[in-house]
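The values are calculated or read from the model by the stated rules, or taken from the named source; none is laboratory data. Not measured: the values here are computed from a predicted model. For neighbour counting, all protein chains shown are included, and Cβ atoms are generated from backbone atoms with ideal geometry for every residue, glycine included. Side chains included, ligands, DNA and RNA excluded: accessible areas come from the protein's heavy atoms. Shrake-Rupley method; radii C 1.70, N 1.55, O 1.52, S 1.80 Å.
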Amino acid sequence: MIAFSWLPVKSTLLIVSCCFCFSFNLKAQITDDKANDFAKADSMAALYPNHSLINLKELADKLTNPLDTDVDKFRAIFRWVCDNIESDYSFYVKNKAKREKLNDKPEELEQWNTQSNPYFFRRLLHDHKTICSGYAYLVKELCFQAGITCKIIDGYGRTVDANIGGTGIPNHSWNAVYLANQWYLCDATWSSGVIDSEQKQFISQFDEAYFLAPPALFVRNHYPLDTVWTLLKEKPTLHQFLNGPLIYKKLFPYNALPVYPETFTATATKGEKFSFRFNKGSGLEIKKVELQLVQGSRTISVNPKLYTDAEGLTTIDYVFAHKGTYVVHILFNGDYVFTYTVTVSSR
């Protein structure tokens, strides 16, 4: 093990097979007046581009000493990590393949983790490149140096190509942070940018969606191994998590949640009305609705109307004219918000 000034000599970090957001916006939960204005914290993060990671105490002090509250200090840390650390796509691919191969062989998997740690930390230290475990580790260590309580949370990340149905594979890490006498959730990996699915390269692009995200929404695509870290009284089961509809980050600012269908896979009858229903939350202004119906290599786009049903839910109706299985993407104002798979049969 390589000993850096910030790395315990005998520690072995769990390097999970992280999932990325692919290229295919959220405000803090904290409610005091200052919490939604992070201009000063963000400006502190911007002062130290590509700062060395050799001495994390020095970096943490530079980022946080000029700031008054732990909320702002954490924001500066989080923003710096997101803006200065790049997702290591090549290592992600290699690590993902190895972990899937060794998923049922815990001893060999532990050996792989131990062997990978030196490379993992060298890559982070010298090249500022890593996967989700490194993002979460760096956020935690910088928080420690700043006197902020922060934990690494390991679990299941859910995207268009990961943890859809099945039994699930733990593949992601994020953080829980204690601020203003309360725990909050955040994901620096997914806030830092996206992977261009065609070029297979990382595009740095800060996103607010996974910064102190509402737990009820965060749990739709992050499921912790220890369900205490859902931060919810009523916790969904892993089965519910793996089989729910896909929800995208554009809805996070509005606390908008799907109601029907309840699961990612649904059935419909040819020639009969099928309804997609959701709770619109607050502040969501929908100027344009689009359904993308994908069947094999063919995609059909339609623009249905929205209406409020008798239960007060926002509803989209569609009549499938042909049998078959469709991937249905729902877009609001040009942004993906939900995805389902609908199998259409005859009466």
Go through the range 308-345 and count every residue that is closer than 20 Å to GLY165 by Cβ, among the polar types (S, T, N, Q) and under 27 Å from the mean Cα position of the chain (by Cα). 2
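Can you name the residue in the range 42-97 that is small (Gly, Ala, Ser) and under 25 Å from the mean Cα position of the chain (by Cα) and, of all such residues, is farthest from ASP187 (Cα to Cα)?
Our first condition is that a residue be small (Gly, Ala, Ser); within the range 42-97, this holds for 43, 45-46, 52, 60, 76, 87, 90, 97.
From the residues that got through so far, the ones that are under 25 Å from the mean Cα position of the chain (by Cα) too are 43, 45-46, 60, 76, 87, 90, 97.
Numbers: SER43: 20, ALA45: 17, ALA46: 19, ALA60: 19, ALA76: 14, SER87: 13, SER90: 20, ALA97: 23 Å.
Only one residue tops the list, namely ALA97.
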Can you name the number of the only condition in (1) more than 15 Å from LEU124 (Cα to Cα); (2) modelled with pLDDT of 95 or more; (3) of a type in the set (Phe, Trp, Tyr) that PHE20 fails? (2)
Which members of the range 224-242 meet the condition of being of a type in the set (Val, Ile, Thr) and under 17 Å from ALA176 (Cβ atoms)? THR227, VAL228, THR230
Return a yes/no flag: does the range 107-119 have any residue that is modelled with pLDDT of 95 or more and either open to solvent by 50 Å² or more (accessible area, probe 1.4 Å) or farther than 23 Å from ILE203 by Cβ (or both). no
Close pairs from the range 120-143: first basic (Lys, Arg), partner part of a helix (DSSP H, G or I) and open to solvent by less than 10 Å² (accessible area, probe 1.4 Å), Cβ under 9 Å, at least 6 apart: ARG123/GLY134
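Can you tell me which residues in the range 191-206 are under 12 Å from the mean Cα position of the chain (by Cα) and open to solvent by 10 Å² or more (accessible area, probe 1.4 Å)?
Let us first name the residues in the range 191-206 that are under 12 Å from the mean Cα position of the chain (by Cα), namely 191-194.
Once the filter is applied, which keeps residues that are under 12 Å from the mean Cα position of the chain (by Cα) and open to solvent by 10 Å² or more (accessible area, probe 1.4 Å), the range 191-206 yields only VAL194.
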Give the residue that is most open to solvent (accessible area, probe 1.4 Å), with candidates limited to residues of the range 33-52 that are aliphatic (A, V, I, L, M) and either modelled with pLDDT of 95 or more or in contact with a Lys or Arg (Cβ under 9 Å, 6 or more places away or on another chain) (or both). LEU47
